Amino acid sequence: MTAPRSWLLIAVVAVILAALAAAPFLFPGVRAMDTAARICVFIVLAASYDLMLGYAGIVSFAHVMFFGMGAYGVALASVHLGREAPGLILGAGAGMAVAVVLAALIGLFSLRVRAIFFAMITLAVASAVAVLVSQLSGLTGGEDGLSFQIPRALSPSAAYLPDPLPGLDPAALPGVVFGDAPMESLFSEVRANGKLAAYYLVFASMLVLLALMRRLTVSPFGTVLQAIRENEFRAEAIGYRVVRYRIAVTCISAGIAALAGALYAVWLRYVGPDTVLGFPIMVDLLLMVVIGGMGTVWGAVIGVTLFMLARGYLQDLMAAAQGAVAADLPALAVLLEPDRWLMWLGLLFILSVYFFPAGIAGRLKSGR
Amino acid sequence: MSDAAPAHAPRIERAGLSGRLRPLIPWLLVPAAILLGYLGIWAQASWPLLEPVLNEDGTLRTRVFDLAPFDVRLSSWLTLTVSGLAMGMMIFVMASGLTLVFGLMDVINFGHGAFVAIGAFTGITVLLAFPGLAGAESLAANLALVGLAALAAMAVTGLLGGLFERIIIRPVYGAHLKQILVTMGGLIVAEQMIHVVWGPSEIFIARPEMLKGALTFHGAAIETYRLMAVGLGLAIFLAIRAVLRHTTIGLIVRAGVQNGEMVEALGYRLRLVFVGVFIAGSALAGLGGVMWGLYQEVVTATMGAEIMVLVFIVVIIGGLGSVEGCFLGALLVGLTQNYVAFLEPKAALVSDIALMVLILMWRPEGMMSAGGRR
């Protein structure tokens, strides 16, 4: 690969990964660690989606369904086999197997004829599965979902060190510099319990899977996928079996998505249709991948981080802006209603497909 | 010299029976589905009668010949058939534009559902604006009101369709990936705009007075509204078919679906025709939205995205680009869903998918694939 190296892109990704690595010690509080863990899980999910969307040029609307299969696999294993790790691994493996088989079936049915069928068929299948999961309440807990236990070593009650580890609290910095807050408030305590272990399990799995996907994209396999994306007929004429490659990438991507779902289930200790299935998450995923940048694994890292932060801060920003214009421009104030944040992200999405098809990562790469 | 060339008498063989029957098979599937539905309902009624019974002397007796009489659930079957046809017709109205747009310009519009939802909301707004007409016990007043609502919805969605084509779709001609993404983005924004204009909650609506009741026919209660939907859907299908078969513009559209480049080479401005078809398709989606909203008696901003699932299944099994395939596919989906929901409610969730799988196994391009390209 002779892609131009961009130090800017590398720096941004490195900062994000470093921040995630040190998240429990940099950002105190349960909420911050939860956000960091979600970012890790969605990085895996978005990068695996990008394998299909960005590298192979296949649009799937069933990616969240595969994610949910991994999550429900872990949940069902915990409920029926107990909370021990081997059972959960078995559950994750089973969920992954189902996801891969289903992906292969859908691929065989649709990619064989026209690639565009795939988008429509995945949409139909994903919505049917989502309805099915919420209806089969005996097995899946229905709309309420399932709460379950994970191995004791990963639960908050497990203590690893008698004393808490030192951490930082950057939010107190202005108070110390400009106010008269004591120096000690800059430091926080991080308890070395199972929750911390769970976070690092999620983080480490993310790193491994990300490295795996990165490796895959620069392999001959990844190059063939890009060739298919750029010119299907030519790839076929050179002698590559286009359909096989497409089905293979669909299966790999579905399998990794299921693993991401399993990680998410372990972190949340809960699965439900609204958290691991369903169309709104699919829309979020599309926004993350496209805004972050299709066709590069790093785009997923940037897109997910940005989206997760935007979800929190964009709404605050919009509320502030709404308050500012409410008196003078009531019509504009309606558009700035914090609940309408998705509309602005949708507009950003359309604009980025038109004007920055390579997303933020692509912009950073080209050095502008 | 003349006998140097052998006598040459070309003869066009008449196609064999199976060759002539082949194109008719999709048309026969709908009556077959209705028949199968009837058999299913009858078999379900007969099922308990097949259980062995204990005679007075202690022996078991199987009652293989005591099946249920053939008219046992005729009324349920009739009700289900009408509601299946009504549902199919409504889906057809929504899907017809989508399939033509694809056939003509190879454009796949994932935002089509937005027109359904916007049409429904516009129509409902008109209905709610004239409570006097809706409450009047006069069929003429009620139908006038529904007609007005439908026209308003079609005008709004037609106009929006024109804008959508110009702003969202035109920059991404020829790139499927971008089309799917951009139209999906359009759907997201449109859904949010519905929230901005009509508020965040769903709107409940009662049908106009004279469309509320049901007719009783052979003991079966058949809702008037469903009959109206069937009639309207059939009329629209016949109208589209007549336009496509007997007018010049229809000829150009059909030729465009088959080989667009050739039509352009002959000097026709296919782009312009396409814009017209897109606007008409959007207007039809809006009309379908009004019909669907009145059928469900509630409209939500997400209804467009929900109904799109059925619309895509119909378009796929019909064959992309074929209006007739789309019509038959819609009827099949509507009928299957109603029969299966009656026989085994849980299975209804996946019956559409099963139908799609079966049809794609039989004809991978859909029942009537229209496009000559690719």
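The values are calculated or read from the model by the stated rules, or taken from the named source; none is laboratory data. The structure displayed is predicted, hence computed values, not measured ones. Glycine also receives a Cβ, built like all others from the backbone with ideal geometry; neighbour counts cover every protein chain displayed.
Can you name the condition, by its number, that residue B:313 falls short on among (1) within 18 Å of the chain's Cα centre (by Cα); (2) among the β-branched types (Val, Ile, Thr); (3) surrounded by fewer than 21 Cβ atoms within 10 Å (Cβ to Cβ)?
That leaves (3) as the condition not met.
Criterion first (out of contact with any helix residue (DSSP H, G or I) (no Cβ under 6 Å at 6 or more places or on another chain), at pLDDT 80 or above, closer than 23 Å to residue B:330 by Cα and loosely packed, with under 11 Cβ neighbours inside 10 Å) does residue B:24 satisfy it?
The answer is yes for residue B:24.
Let me confirm something: among A:309, A:351, A:336, A:345, which residue is surrounded by 18 or more Cβ atoms within 10 Å (Cβ to Cβ), within 30 Å of residue A:10 (Cα to Cα) and among the aliphatic types (A, V, I, L, M)? Before you say what the answer is, go through the steps one by one.
Numbers: A:309 fails: surrounded by 18 or more Cβ atoms within 10 Å (Cβ to Cβ); A:351 fails: surrounded by 18 or more Cβ atoms within 10 Å (Cβ to Cβ); A:336 fails: within 30 Å of residue A:10 (Cα to Cα).
After applying the criteria, what remains is A:345.
Any residue in the stretch A:116-127 that's facing chain B (nearest Cβ under 7 Å) and among the aromatic types (Phe, Trp, Tyr): show its pairings with residues that are surrounded by fewer than 24 Cβ atoms within 10 Å (Cβ to Cβ) and part of a helix (DSSP H, G or I) at Cβ separation under 9 Å, as long as the two are six or more apart or on different chains.
Note: pairs meeting the criteria are A:117/A:109; A:117/B:360.
With respect to residue B:262, is the statement that it is among the aliphatic types (A, V, I, L, M), within 14 Å of chain A (Cβ to nearest Cβ) and part of a helix (DSSP H, G or I) true?
Judged against the criteria, residue B:262 is not a match.
Select the helices (runs of 4 or more DSSP H) contained entirely in the stretch A:1-82, then report the ones holding at least 3 residues which are among the charged types (D, E, K, R) and surrounded by fewer than 24 Cβ atoms within 10 Å (Cβ to Cβ). Before the answer, list the steps.
Values: elements: A:7-21, A:23-26, A:30-50, A:63-81.
Result: A:30-50.
Assuming residue B:107 fulfils every condition listed in (1) surrounded by fewer than 23 Cβ atoms within 10 Å (Cβ to Cβ); (2) aliphatic (A, V, I, L, M); (3) under 25 Å from the mean Cα position of the chain (by Cα); (4) assigned to a helix (DSSP H, G or I) apart from one, which condition is it?
Failed condition: (4).
When you go through B:249, B:313 one by one, which is the residue that is aliphatic (A, V, I, L, M), touching a helix residue (DSSP H, G or I) at 6+ places or on another chain (Cβ under 6 Å) and touching a residue at least 12 places away in the same chain (Cβ under 8 Å)?
Values: B:249 fails: touching a helix residue (DSSP H, G or I) at 6+ places or on another chain (Cβ under 6 Å).
One residue alone meets the criteria, B:313.
Picking from A:285, A:306, A:335, A:314, which residue would you name as being away from chain B (no Cβ under 14 Å) and not polar (S, T, N, Q)? Before the answer, list the steps.
Numbers: A:285 fails: away from chain B (no Cβ under 14 Å); A:335 fails: away from chain B (no Cβ under 14 Å); A:314 fails: away from chain B (no Cβ under 14 Å).
When all the criteria are applied, what remains is A:306.
Kindly indicate which of B:175, B:242 is within 14 Å of chain A (Cβ to nearest Cβ), of a type in the set (Gly, Ala, Ser) and over 17 Å from residue B:282 (Cβ atoms). Spell out the reasoning first.
Working: B:242 fails: within 14 Å of chain A (Cβ to nearest Cβ).
Just a single option satisfies the conditions, and that option is B:175.
If you scan the stretch A:222-255, which residues turn out to be surrounded by fewer than 15 Cβ atoms within 10 Å (Cβ to Cβ) and closer than 16 Å to residue A:107 by Cβ?
If the condition is that a residue be surrounded by fewer than 15 Cβ atoms within 10 Å (Cβ to Cβ) and closer than 16 Å to residue A:107 by Cβ, then A:241, A:244 are the ones that fit.
Could you look through the stretch A:250-302, keep only residues that are among the aromatic types (Phe, Trp, Tyr) and either under 21 Å from residue A:121 (Cα atoms) or in the same structural domain as residue A:349 (by TED's automatic domain parsing) (or both), and pick out the one that is modelled with the highest pLDDT?
A:298
Just to be sure, is residue B:331 within 13 Å of chain A (Cβ to nearest Cβ), surrounded by 20 or more Cβ atoms within 10 Å (Cβ to Cβ), closer than 19 Å to residue B:30 by Cβ and out of contact with any Pro (no Cβ under 8 Å at 6 or more places or on another chain)?
Details: within 13 Å of chain A (Cβ to nearest Cβ): no; surrounded by 20 or more Cβ atoms within 10 Å (Cβ to Cβ): yes; closer than 19 Å to residue B:30 by Cβ: yes; out of contact with any Pro (no Cβ under 8 Å at 6 or more places or on another chain): yes.
So residue B:331 does not fit the description; no.
Quick check on residue A:109: is it within 14 Å of chain B (Cβ to nearest Cβ), surrounded by fewer than 24 Cβ atoms within 10 Å (Cβ to Cβ), of a type in the set (Phe, Trp, Tyr) and assigned to a helix (DSSP H, G or I)? Working first, answer last.
Details: within 14 Å of chain B (Cβ to nearest Cβ): yes; surrounded by fewer than 24 Cβ atoms within 10 Å (Cβ to Cβ): yes; of a type in the set (Phe, Trp, Tyr): yes; assigned to a helix (DSSP H, G or I): yes.
Criteria met by residue A:109.
Might you check whether a residue that is more than 24 Å from residue B:109 (Cα to Cα), among the hydrophobic types (A, V, I, L, M, F, W, C) and either modelled with pLDDT under 85 or crowded, with 21+ Cβ neighbours inside 10 Å (or both) occurs anywhere in the stretch B:249-272?
Taking every residue of the stretch B:249-272 in turn, none turns out to be more than 24 Å from residue B:109 (Cα to Cα), among the hydrophobic types (A, V, I, L, M, F, W, C) and either modelled with pLDDT under 85 or crowded, with 21+ Cβ neighbours inside 10 Å (or both).
Say we look at the stretch B:276-316 and pick out the residues that are on the phi < 0 side of the Ramachandran plot and touching a Lys or Arg at 6+ places or on another chain (Cβ under 8 Å); which of these is farthest from the other protein chains (Cβ to nearest Cβ)? Spell out the reasoning first.
Going residue by residue through the stretch B:276-316, those that are on the phi < 0 side of the Ramachandran plot are B:276-296, B:298-316.
Now restrict to residues that are touching a Lys or Arg at 6+ places or on another chain (Cβ under 8 Å): B:294-295.
On the way: B:294: 23, B:295: 19 Å.
The qualifying residue farthest from the other protein chains (Cβ to nearest Cβ) is B:294.
Are any residues in the stretch B:346-367 within 7 Å of another protein chain (Cβ to nearest Cβ) and polar (S, T, N, Q), and if so, which ones?
Within the stretch B:346-367, no residue meets the criteria.
Among the residues of the stretch A:121-136, is any over 30 Å from residue B:366 (Cα atoms), modelled with pLDDT of 90 or more and assigned by TED's automatic domain parsing to the domain that holds residue A:66?
No, because not a single residue in the stretch A:121-136 is over 30 Å from residue B:366 (Cα atoms), modelled with pLDDT of 90 or more and assigned by TED's automatic domain parsing to the domain that holds residue A:66.
Restricting the search to the stretch A:128-151, which residues are surrounded by fewer than 19 Cβ atoms within 10 Å (Cβ to Cβ) and either within 12 Å of chain B (Cβ to nearest Cβ) or touching a His at 6+ places or on another chain (Cβ under 9 Å) (or both)? Steps first, answer last, please.
Kept after step one, since they are surrounded by fewer than 19 Cβ atoms within 10 Å (Cβ to Cβ), are these residues of the stretch A:128-151: A:131-132, A:135-139, A:142-144, A:147, A:149.
Passing the criteria: A:131, A:132, A:135, A:136, A:137, A:138, A:139.
Any residue in the stretch A:354-367 that's farther than 15 Å from residue B:177 by Cβ: show its pairings with residues that are of a type in the set (D, E, K, R) and outside any helix (DSSP H, G or I) at Cβ separation under 9 Å, as long as the two are six or more apart or on different chains.
From the stretch A:354-367, the pairs are A:365/A:5.
Looking at the stretch A:339-367, which of its residues are modelled with pLDDT under 80, away from chain B (no Cβ under 12 Å) and at negative phi?
A:365, A:366
Among (1) in the same structural domain as residue A:133 (by TED's automatic domain parsing); (2) of a type in the set (A, V, I, L, M); (3) in contact with a Leu (Cβ under 9 Å, 6 or more places away or on another chain), which single condition is residue A:353 missing?
(1)
When you go through (1) surrounded by fewer than 23 Cβ atoms within 10 Å (Cβ to Cβ); (2) among the hydroxyl-bearing types (Ser, Thr, Tyr); (3) closer than 18 Å to residue A:304 by Cα one by one for residue A:219, which number turns out not to apply?
Residue A:219 satisfies all of (1) surrounded by fewer than 23 Cβ atoms within 10 Å (Cβ to Cβ); (2) among the hydroxyl-bearing types (Ser, Thr, Tyr); (3) closer than 18 Å to residue A:304 by Cα except (3).
Take the residues in the stretch A:256-281 that are under 24 Å from residue A:341 (Cα atoms) and buried (at least 24 other Cβ atoms within 10 Å of the Cβ), then tell me which one is farthest from the other protein chains (Cβ to nearest Cβ).
Out of the qualifying residues, it is A:276.
Please count how many residues of the stretch B:179-208 are charged (D, E, K, R) and crowded, with 17+ Cβ neighbours inside 10 Å. Don't jump to the end; show me each part of the working.
Looking only at the stretch B:179-208, we keep the residues that are charged (D, E, K, R), and these are B:191, B:202, B:207.
Pick out the ones that are also crowded, with 17+ Cβ neighbours inside 10 Å and you get B:191, B:207.
Total meeting the criteria: 2.
Identify the single condition in (1) β-branched (Val, Ile, Thr); (2) under 30 Å from residue B:188 (Cα atoms); (3) modelled with pLDDT of 90 or more that residue B:336 does not satisfy, given that it satisfies every other one.
Of the numbered conditions (1) β-branched (Val, Ile, Thr); (2) under 30 Å from residue B:188 (Cα atoms); (3) modelled with pLDDT of 90 or more, the odd one out for residue B:336 is (2).
List pairs: first in the stretch A:175-190 and surrounded by 14 or more Cβ atoms within 10 Å (Cβ to Cβ), second in a strand (DSSP E or B), Cβ under 8 Å, 6+ apart or cross-chain?
A:186/A:168; A:188/A:166; A:188/A:167; A:188/A:168; A:190/A:165; A:190/A:166; A:190/A:167
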